[in-house]
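Values in this text are rule-based calculations from the coordinates and carry no lab data. Bear in mind that the values here come from a model prediction, so they are computed numbers and not experimental data. Because the Cβ atoms are built from the backbone with ideal geometry, glycine has one as well, and the counts that use them run over all protein chains shown.
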Amino acid sequence: MPESTSAFHAFDRDAYDPVLVRAALLDLITTLGQRIRGRDQTARKLTLAVRFADGSTVERTRALPQHSAHTDDLRVTVFRIPDSLAFQRARIRRLLVTVEDLRPAGEGPGTQISLDPAREDRLSLEPVLDRINTRYGRRLAGPAGAYRKASRSPR
């Protein structure tokens, strides 16, 4: 089993809009979450690499509170990275997200039941969305805010 997997998004032109960047990140996280759930794995770390218009790159890694393959957990963690970097009108060309420290989902402690019914509903919906996307085509169903025209490459 692989210990990491990645996906990238290359913008058609430099992206200034933080909403557009977050939409692309959400699309990448949704793709990666579905990929690792399909492999029956969980991740412990996320790395975001951002390439700017001038060719420079910044890379940051964040750990998840616990191993997870849930899109919500991955999304919250990856969204904290650009927030901490405070990109102000940065011209972004490419995003690369890598989920790391993968291990089999059955290994280690299980997931604790949440007292948040909305979260529990989203978590129980994930396998259904995964089956729909597997059967009818990549990303037919998923978050409405995700950027659909992304360029990706699995690693």
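Starting from the eigenvalues of the Cα gyration tensor, five times each then square-rooted, give me the equivalent ellipsoid semi-axes of the stretch 16-115, largest first, whole Å. Mind dumping the intermediate values first?
Values: eigenvalues 145, 32, 27 Å².
Semi-axis lengths for the stretch 16-115 are 27, 13, 12 Å.
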Applying a 10 Å radius around every beta-carbon, put 31-43, 61-73 in order of their mean neighbour count, most first.
31-43, 61-73
Between Phe52 and Asp72, what FRET efficiency follows from the Cβ-Cβ distance if R0 is 35 Å, with the result rounded to 0.05?
0.80
